[in-house]
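Quick notes on the structure that follows.
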Amino acid sequence: MEPSACEDLKAFERRLTEVVLSYRPPTFRWRKPFPVLLSAMSMCTAIGAWYWLRDPRTTVVPLTESLWIHPIFTAATVTLIVLFILGIQKLVIAPQIITSRTRNVLGDFNMSCDDTGKLILKPRQSNNNST
């Protein structure tokens with residue numbers, strides 16, 4: 001391989017590693033609390049929905065009043081909607097998205113990368129056309 005090609009690969013690897021690592025702090029910040037928060041909000045929404053649907057007043061009063069009567073369901077549902085609008089689930093998996101897409105592109109060049117962005121050179125495939 002030419003020296004300039006090696007330098008280009010090293011520069012690409014450094015930049016890829018830098019990009020992957022730049023996503024790590026927000027990812028680690030949300031990795032632990034997000035599943036707990038999501039599970040708690042989902043359970044509150046499910047339980048609140050059960051009580052909301054079983055309440056005989058739900059069919060009689062207007063929707064806004066019905067939601068006001070069931071604050072746990074309302075708060076949990078609004079929280080879930082806000083979390084997904086903000087894209088919190090993407091923060092947790094952002095580095096995996098980048099590395100998987102990079103692996104897909106690098107596959108055309110007989111290369112791959114690990115989860116930190118380090119390049120992996122694959123051995124060349126030999127053409128055995130002995131028929």
Return only the number of the condition from (1) exposed (fewer than 11 other Cβ atoms within 10 Å of the Cβ); (2) modelled with pLDDT of 90 or more that F73 does not satisfy. (1)
Which listed residue is of a type in the set (A, V, I, L, M, F, W, C), within 24 Å of P35 (Cβ to Cβ) and in contact with a Cys (Cβ under 7 Å, 6 or more places away or on another chain), from I72, I81, I47: I72
Is it the case that the stretch 94-108 has a residue that's of a type in the set (A, V, I, L, M, F, W, C), more than 21 Å from the chain's Cα centre (by Cα), part of a helix (DSSP H, G or I) and surrounded by 11 or more Cβ atoms within 10 Å (Cβ to Cβ)? yes
Within the stretch 51-70, how many residues are surrounded by 10 or more Cβ atoms within 10 Å (Cβ to Cβ) and of a type in the set (S, T, N, Q)? 2
Positions within the stretch 80-131 being modelled with pLDDT under 80 and on the phi > 0 side of the Ramachandran plot, in sequence order: G87
What pairs can you find where one residue is in the stretch 112-125 and without any contact (Cβ under 8 Å) to a residue 12 or more places away in the chain, the other is among the charged types (D, E, K, R) and not in a strand (DSSP E or B), and their Cβ atoms are less than 8 Å apart, with a gap of 6+ or different chains? S112/R103; S112/K122; I120/D114
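The values are calculated or read from the model by the stated rules, or taken from the named source; none is laboratory data. Remember, it's a predicted structure, so these values are computed and weren't measured experimentally. Ideal geometry is used to build each Cβ from the backbone, glycine not excepted, and the neighbour counts take in all protein chains shown.
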